Amino acid sequence: MSTTTAAAPAAETTVKSGGFTAAAANYIEDRTSISGAVKEFGRKIFPDHWSFLLGEVALYSFIVILLTGTFLTFFFQASMAEVVYNGSYVPLKGIHMSAAMESTLNISFEVRGGLLVRQIHHWAALLFVAAIGLHMLRIFFTGAFRKPRELNWVIGFTLFILAMAEGFTGYSLPDDLLSGNGLRIIDGLIKGLPVVGTWISFLLFGGEFPGTAIVGRLYTLHILLLPALVVAFIALHLVFVVVHKHTQYAAPGRTQGNVVGYPVLPVYAAKAGGFFFIVFGVVALMASLFTINPIWNYGPYDPSPVSAGTQPDWYIGFADGALRLVPPGWEFVWLNRTWSFNIIVPVAILGLFIVTVMIYPFIEAWITGDKREHHILDRPRNAATRTAIGAAGVTFYAVFWAAASSDLIATHFKLTMEGVIHTLQALLFLGPLIAFVLTKRVCLALQKKDRSIALHGYESGRIVKLPGGEFIEVHEQLSDYERWRLVSYEAYEPLMIRPNKRGKITAGTRMRASLSRWFFEDRLVPPTRGELESGHGHH
């Protein structure tokens, strides 16, 4: 009797607890109908190919940035007010600097764990931009941007631009010598724009450079506006990923829209959670072992000690490099204004390059006339012209990026500055052309090799003498998966010139047909079933 009586309250408590949980769940479900969305999302299949992890690295890096950035906001002072440093770093004691610089030094030397968190934040920011860039290169070279994912490419590229802006605003906040030089370059770039440049500079900096408001405004951008935009675009990007499903590499049994992989719940969610901690751990290890942005070595911003060796973060270097490659004497006075084409031309070229990359899916669709949906990825070698275009674009970017370090290249390799600049100027035009031709030739050669292997198998090195005295090499048979991978691509044909409704062939139609012929020239047709059977029978 006593035992039953004692157990009753515990059982009653359990029932009440379960009843409260169920009631709360029902309350939320009645007002949101969230269970349907969770169930639908939980059934989504995610592929397990390693290249798809690049997007996850970017997402997890951004989470690390948010976590560490939240910590840093409690100690950073976004102010240009002048103070005298009296902290624990002795070499800078008594030096006049901004409150922003002083608070960054205090984070590094006074706040417990502050230097580690600050370096985790910086390394995660670099990894965030790098992961987005590599993720977009994977999407480009495999053709994952084609219909119906053109808009998601635009969203992803916008995220890349936002990530670079977020990195630059954060990199500029400490008001040290390095970030001050970077801001000075931006100020000169803005002032070089005709008519509106000086007004934009005045509004941005709050007066003549360095102004009194630039750090506060960059801080607002860095912790409020840009992160909000990044979060919004990441959410929009993931929504489109769920709606359109993932692309897949060709394999037996995989068709358009048939995704092979793991469901989100429970397998993929567990793997993703573990991968997040791996990314976080690697970034923390890098921050523990490798110093980055040691502002105490640079000191506060002062225009007088500018010298060779000041470099921006790698993802912004292409803009600095573009300015360095402009020949001298590209300025003239007209209408009582100085027109600085040494700034206008690089800005125009970089803007055109960025816009071209952003709208490339629509350009390719217009050239090829391909209006079908694509869920199976291309092997880069099977889209030779697209791969060559990508290689040319990467080379074009790389030359600008290398030009940002032209002074270091000259000093480290004991070269003249003029020689380095002239070489890079030549490579800016010749490099993309050479990269295009070589890449396309390599892709076509690999296609021919794949065709030969699909028809005849792998060379075994075993020589057999036939009864008639002939010596032949025995080839190894391919598995179904290997053969499928080698022959599962389509050979598109150039567009035909057709008259419009009025019976006329316009100049635009002729140009489109010419571009289509150029895009598909030298293409290789996949082996037919008859050729494969004939080759297998011969083997």
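Relative contact order for the chain: 16 percent, from Cα pairs under 8 Å spaced at least 6 residues apart, divided by residue count.
The length gained by stretching the chain between TYR89 and LEU430 to full extension, at 0.36 nm per residue less their Cα-Cα distance, is 117.8 nm. Rounded to whole numbers, the Karplus 3J(HN,Hα) couplings from phi for region 442-456 are 5, 4, 5, 5, 5, 4, 5, 5, 4, 5, 5, 5, 5, 7, 10 Hz, using 6.51 cos²θ - 1.76 cosθ + 1.60 with θ = phi - 60°, and x at Gly and Pro. The accessible-area ordering, largest first, of the residues SER340, SER179 stands as SER340, SER179, per a 1.4 angstrom probe.
Farthest towards the positive end of the charge dipole of the chain, among the residues SER103, HIS412, GLY317, is the Cα of GLY317, using unit charges on the Cβ of Lys, Arg, Asp and Glu. Taking amide hydrogens as placed 1.01 Å from N in the peptide plane, the amide H of TRP339 sits under 5 Å from those of PHE332, VAL333, TRP334, each at least 5 positions away in sequence or on another chain.
Hey, if you put +1 on the Cβ of every Lys and Arg and -1 on every Asp and Glu Cβ in the chain, which of PHE209, PHE436, PHE74 ends up farthest toward the positive end of that dipole? So the residue we want is PHE436.
Summing charges over neighbours of LEU478, with a neighbour being any other residue whose Cβ is under 11 Å away from its Cβ, gives -2 when K and R count +1 and D and E count -1. Expressed in Å, the radius of gyration and Dmax of the Cα atoms of region 296-375 are 20.0, 60. Over the chain, DSSP H runs of length four or greater, each weighted -39,500 (n - 2.57), average out per residue to a 222 nm ellipticity of -20500 deg cm²/dmol.
Once all protein chains are placed together, LEU515 keeps about 60 Å² accessible to a 1.4 angstrom probe.
Between the alpha-carbon centres of region 447-497 and region 361-375 there is a gap of 30 Å. Roughly how far apart, in whole Å, are the Cα centres of region 47-112 and region 147-188? Using only Cα atoms, the two centres lie 17 Å from each other. About its Cα centre, region 368-511 has a charge dipole of approximately 800 debye under the convention of +1 per Lys or Arg Cβ and -1 per Asp or Glu Cβ, with nothing else charged. Measuring only protein heavy atoms, the 1.4 Å probe finds TYR397 accessible over about 60 Å².
With the simple model of a label 7 Å out from the Cα in the direction of the Cβ, VAL239 to VAL525 spans 4.6 nm. At the listed q of 0.11 Å⁻¹, the Debye profile of the chain, built from one uniform point per Cα, gives log10 I(q)/I(0) equal to -1.17. On the principal axes of its alpha carbon atoms, region 85-177 extends 61, 22, 16 Å, with the longest extent given first. Cross-link reach is defined here as a Cα-Cα straight distance under 24 Å, omitting same-chain residues fewer than 8 places apart; for LYS449 the lysines meeting it are LYS440. Between ARG441 and THR220, the contour length at 0.36 nm per residue exceeds the alpha carbon distance by 74.6 nm. Set against the 2.2 N^0.38 Å expectation for a compact globular protein, region 419-539 has a Cα radius of gyration ratio of 1.64.
In order along region 202-210, the phi-based Karplus estimate (6.51 cos²θ - 1.76 cosθ + 1.60, θ = phi - 60°) of 3J(HN,Hα) comes to 5, 5, 6, 8, x, x, 5, 3, x Hz; Gly and Pro are listed as x. Ordering SER201, SER88 by accessible surface, largest first, gives SER88, SER201; the 1.4 Å probe counts only protein heavy atoms, with every chain in place. Rounded to the nearest whole Hz, the Karplus-based 3J(HN,Hα) values (6.51 cos²θ - 1.76 cosθ + 1.60, θ = phi - 60°) of region 68-79 follow the sequence 6, x, 4, 4, 5, 5, 6, 10, 7, 10, 7, 9, with x at glycine and proline. Overall, the chain carries a charge dipole of about 1760 debye about its Cα centre when +1 sits on the Cβ of Lys and Arg and -1 on the Cβ of Asp and Glu, all other atoms neutral. Which value in Å does the Kirkwood hydrodynamic radius of region 130-266 take, with 1/r averaged over all unlike C-alpha pairs and then inverted? Computed over Cα pairs of region 130-266, the Kirkwood hydrodynamic radius comes out at 18.0 Å.
Per-residue SASA remark: LYS93, around 100 Å² accessible (1.4 Å probe; ligands, DNA and RNA not included).
The values are calculated or read from the model by the stated rules, or taken from the named source; none is laboratory data. All values derive from a computational prediction rather than experimental measurement. Every residue, glycine among them, receives a Cβ derived from its backbone with ideal geometry; neighbour counts consider all protein chains shown. SASA here: full protein model, heavy atoms, side chains in, ligands and nucleic acids out. Shrake-Rupley method; radii C 1.70, N 1.55, O 1.52, S 1.80 Å.
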